[in-house]
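What follows is a short report on a single structure.
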Amino acid sequence: MRGWLHVTLSCLWRITIKQRLFIQGASIHTKIALLVLLSIVLMTVDHRQRHLEGIRSVISAVIYPLRYTINLPFVVVNWADEVFTFRNNLINENRALLKKQRLLEVKLQKLAFFEQENRRLRSMLQSAKRGWEKVLIAELMAIDFDPFKRLVQLNRGSNDGVFEGHPILDANGVVGQVIHVDPLSSTAMLITDPNHATPVHINRNGMRAIAMGTGEPNRLEIPHIPNSADIRIGDLLVTSGLGLRFPAGYPVARISEITINPSESYAQVFAEPTAHLERTQEVLLVWPESDTEEKR
Amino acid sequence: MSAQMKHKSGIILLSFAIAFALTMLPLPDWSEVGRPEWVSLVVIYWCLALPERIGIGIAWIAGLLLDVVHGAILGQYALALALMAYFTLHFYQRIRIYRIWQQTLVVLMLVLSEQLMIIWIKGTIGEAPESRLYWIPSITTALLWPWTYHILRDLRRSFRVH
């Protein structure tokens, strides 16, 4: 009888006191083991395949209000900057812009002619090169990511027709491409991100190369350039269109540094992006022409 | 009663929301590498204060959100934060009675373990940062522990979050 009492009491003690003192006692180990396993599975799937975009966009939608709130003060400051500007400044700016637009319009007249001619020639050669026509302006949101990556947040999402791999340009050259899309916003990778590589060719002689991001704000690396290659400082690199991601012929970077070490088989070549990656506020999203034609 | 419970979870949610906002807030380029791991601080605090409510599961979910916030692969911060919460829960009775500077050292170790986990994962997928500056956040995070501790404790006491 006494023995039974002892057992019940000790059981009770174990359940009530011990459980309270050592919270989640045994379950904590199983829990962490399960979560570690789940994380590893998630990481493997996310790294190898693209099945998890759904989960990511759901989480992104959860975070969106926070992102929006953080961005709001910057929007308000920009707006106030526009509203409370002097009339004289506006008039001057307007004049300068009108002048610029007239110059551009004259150039555009010629361009339309060239484009038509180009298309006719290409059809004669039966070459199916895709043009990229429709554009949309997106603004960068004031959001920071991992400091060792070069990512930005855009205020346009799948509701505006943005897709994964969407090329992004600014007035001076290629900026990057979209990597994740959710309905209201999207995340884009700049060409300077260490994971980004842009297929390019040298505008002067057509030599093909790849411009890799370095993670530094204004520096691209051009690997595998032989010591004897015809490459000079100041050469313009333009997109070759080979990766089928970027439209061909847009400026990417200018060669800024060439170090030739005769004992190595390749030269060390660096380039500076032509787009104002660190200063730009507005970027252009470009659609392939064939897609827009299908939409019509 | 349930409304009261909701209200009390609200404080915890709010502290997490602020931590996430601080993580995303744009900083000048030179200070960006030293940004403290705000979410880790909040996770450590709630694990110490309310270990029966905030545990590994919530740390894991917070980590998953952080993955999207940082644009990392899904699971990276989730794994690191869950393990950090596990260490915290394992020693929480001891850490609670430490003095504040001793706790600061513990936080330094915890965040270092988190960063080690993350650089390990990043190394596996080939994007480990080469710069030594990578380790600065663990120092800034630890230095912020005393303030975080006092602010969150006052909040918890004045709103009686149990």
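Brief remarks follow.
- Residues (out of contact with any Lys or Arg (no Cβ under 8 Å at 6 or more places or on another chain) and at the interface with another protein chain (Cβ under 7 Å from one of its Cβ atoms)) located in region B:59-69: B:TRP60, B:LEU64, B:LEU65, B:VAL69
Let's see how each residue does on (1) of a type outside the set (A, V, I, L, M); (2) without any contact (Cβ under 8 Å) to a residue 40 or more places away in the chain; (3) touching a strand residue (DSSP E or B) at 6+ places or on another chain (Cβ under 9 Å):
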| position | (1), (2), (3) |
| --- | --- |
| A:GLY161 | yes, no, yes |
| A:PRO167 | yes, no, yes |
| A:ASP170 | yes, no, yes |
| A:GLY173 | yes, no, yes |
| A:LEU190 | no, no, yes |
| A:HIS196 | yes, no, yes |
| A:MET212 | no, yes, yes |
| A:GLU216 | yes, yes, no |
| A:HIS224 | yes, no, yes |
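- For region A:150-177, a residue qualifies if it is crowded, with 20+ Cβ neighbours inside 10 Å, more than 10 Å from the chain's Cα centre (by Cα) and assigned to a loop (DSSP other than H, G, I, E, B), and the qualifying residues are A:ARG156, A:GLY157, A:VAL162.
- Hey, B:VAL111 crowded, with 22+ Cβ neighbours inside 10 Å, away from chain A (no Cβ under 11 Å) and either in contact with an Asp or Glu (Cβ under 9 Å, 6 or more places away or on another chain) or not in a helix (DSSP H, G or I) (or both) or not: yes
- Residue list for region B:134-150, restricted to those being among the hydroxyl-bearing types (Ser, Thr, Tyr), buried (at least 17 other Cβ atoms within 10 Å of the Cβ) and within 11 Å of B:VAL111 (Cβ to Cβ): B:SER138, B:THR141
Table: residues versus (1) at positive phi; (2) assigned by TED's automatic domain parsing to the domain that holds A:GLU139; (3) more than 18 Å from the chain's Cα centre (by Cα).
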residue: A:THR192; (1), (2), (3): no, yes, no
residue: A:GLY206; (1), (2), (3): yes, yes, yes
residue: A:LEU236; (1), (2), (3): no, yes, yes
residue: A:ARG279; (1), (2), (3): no, yes, no
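- Sole exception among (1) within 11 Å of chain A (Cβ to nearest Cβ); (2) over 16 Å from B:LEU48 (Cβ atoms); (3) of a type outside the set (A, V, I, L, M) for B:TYR92, by number: (2)
The values are calculated or read from the model by the stated rules, or taken from the named source; none is laboratory data. Keep in mind that what you see is a predicted model, and the values were worked out from it rather than measured. Reconstructed Cβ throughout: ideal geometry from the backbone, glycine too, with neighbour counts over all protein chains shown.
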